[in-house]
Amino acid sequence: MAGRRVLDIDSTVVEAISAVIERRLDPSDLGLVLWQLWEDGFNTGVSRMKPKLEAAESTADYWYLRARYSIAEICEMQMRAMDDGWRAYWDAGMPTEVAA
């Protein structure tokens, strides 16, 4: 894979990473190569978990609305938000009205 760092993992690396995971060692105390390896793993974890977190937050928001408001109230809130969006769009000027 282009752009990925390759490192032979030995017991020292495993011990160092384990110490960071167990919070016995700060990641910034790792050597440069180990820090880069740690950072790669962190960024990969973030890229995998962010969509799951956003989906969970969206689901939680949906169920919060369903528990707190009736379907009619939710529809009214959505229509009001849509109207506010269109109002902001029209107030900013239509793209055809802006001088080219």
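The numbers here are math on the coordinates, done by the rules we state, and not lab data. All values derive from a computational prediction rather than experimental measurement. In this analysis, Cβ positions are derived from the backbone assuming ideal geometry, glycine residues included, and neighbour counts consider all displayed protein chains.
Here is a yes/no grid of residues against (1) of a type in the set (Gly, Ala, Ser); (2) under 16 Å from the mean Cα position of the chain (by Cα); (3) assigned to a helix (DSSP H, G or I):
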| position | (1), (2), (3) |
| --- | --- |
| 44 | no, yes, yes |
| 48 | no, yes, yes |
| 55 | yes, yes, yes |
| 65 | no, no, yes |
| 72 | yes, no, yes |
| 77 | no, no, yes |
- Looking only at the range 16-33, which residues are surrounded by 15 or more Cβ atoms within 10 Å (Cβ to Cβ) and part of a loop (DSSP other than H, G, I, E, B)? 25, 30
